[in-house]
Amino acid sequence: MRKMVMATLVGGGITVFLMGGTGLALADDDDDRNRVSARSGQVVAAAPQAAAPRFELEIDPELDAQFPNRPVNGAEAAEIVVDAIGGGQVTEVELDEEDGRPYWEVKAEFQGREVEVNVDAFNGDLIGDDD
């Protein structure tokens with residue numbers, strides 16, 4: 001009887017341990033901002049992660065179909081513009097075309113004003129800017 005009680009307690013403890021570990025692993029998958037300390041078992045907050053830059057992305061389905069293989073995507077065009085103007089915050093990126101050539105029209109706010117720069121969707125070159 002004593003061995004059976006001991007086996008039940010040990011088996012139950014292992015089951016609870018495994019279920020608890022699985023629950024923590026699943027909880028961690030749902031929310032990466034918190035971690036469980038392996039040493040103490042306590043929930044500890046992780047350092048806040050930087051938010052990804054956000055802007056409005058507009059792609060006309062007809063232009064998308066007309067130019068499906070664009071080596072430079074909208075996010076890359078936004079990065080090109082931020083690098084070119086030396087900072088700022090991109091607010092809008094729109095796919096457009098002129099003379100059969102696609103380009104990204106990128107609008108950004110820089111030093112209190114809106115800047116518009118066009119980026120070639122094939123090679124990433126700046127093809128003009130308007131204030």
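Coordinate-derived values only; no laboratory data. It should be emphasised that the depicted structure is a prediction, and the values quoted were computed from it without experimental measurement. Reconstructed Cβ throughout: ideal geometry from the backbone, glycine too, with neighbour counts over all protein chains shown.
Summary of values
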{"read-out": "Around GLN89: net Lys/Arg minus Asp/Glu count, Cβ-Cβ under 14 Å", "value": "-4"}
{"read-out": "Per-selection Kirkwood Rh - segment 84-123 (Cα, Å, 1 d.p.)", "value": "10.7"}
{"read-out": "Distance (nanometres) between label positions extended 7 Å along Cα→Cβ at ARG54 and GLU116", "value": "2.5"}
{"read-out": "Per-residue Cβ neighbour rank within 10 angstrom, fewest leading, GLU109, GLU92", "value": "GLU109, GLU92"}
{"read-out": "Over segment 56-130, relative contact order from alpha-carbon pairs under 8 Å, at least 6 apart, %", "value": "28"}
{"read-out": "Amide H contacts of PHE55 (H built 1.01 Å from N, under 5 Å, at least 5 apart or other chain)", "value": "none"}
{"read-out": "Assigned charges on the beta-carbon of Lys, Arg, Asp, Glu; segment 56-130 dipole about Cα centre (debye)", "value": "280"}
